[in-house]
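Read-outs throughout are calculated quantities, based only on the coordinates presented, and are distinct from any laboratory measurement. This one's a predicted model, so the numbers in the text were calculated from it and none came from an experiment. Every residue, glycine as well, gets a Cβ built from its backbone with ideal geometry; the counts of neighbours run over all protein chains shown.
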Amino acid sequence: MKNSLALALALSLSAPFAVMAQNGQLAFTQEHFHHLDVDKDGKVTQAEYRQFMEGAFSKLDTDGNGQLSSAEAGEVLSAEQFASVDADGNGQLSRQEFLDQAMRDFQRADNNADGSLRFP
Ligand SMILES: [Ca+2]
Ligand SMILES: [Ca+2]
Ligand SMILES: [Ca+2]
């Protein structure tokens, strides 16, 4: 669960449909996948994923200071999840911390390490 929290939170934020995780693995619905696959080539590349997560960060950062406070992230992250993304432990999530977590999620989901995700 905490391993894929950034993806889960971004999807839950931006999409009117539920994220499903099965056996601890990321599980996209087809709708999720199409949403992430901006150029509709059937693959979600790292660039597409990163762009999506940048947007999610901006959406969460309601005061626009470039950091997520626990209050801003509180809607989608538990205190424990927040702490695990807050790498330097300063009580704020920087864009870098957020994207680092997101890209770790991507790499974990990219089973064959070809730099893109495909809908199963
Ligand atoms: Ca694509
Ligand atoms: Ca903020
Ligand atoms: Ca931090």
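Among the trypsin sites (Lys or Arg not before Pro) within region 34-114, those in coil by DSSP and having at most 10 neighbouring Cβ atoms inside 10 Å are 40. Among the GluC sites (Glu not before Pro) within region 49-82, those in coil by DSSP and having at most 15 neighbouring Cβ atoms inside 10 Å are 75. Label point of residue 90 set 7 angstrom out along Cα-Cβ; within region 66-84, amide nitrogens under 11 Å from it belong to 67-68.
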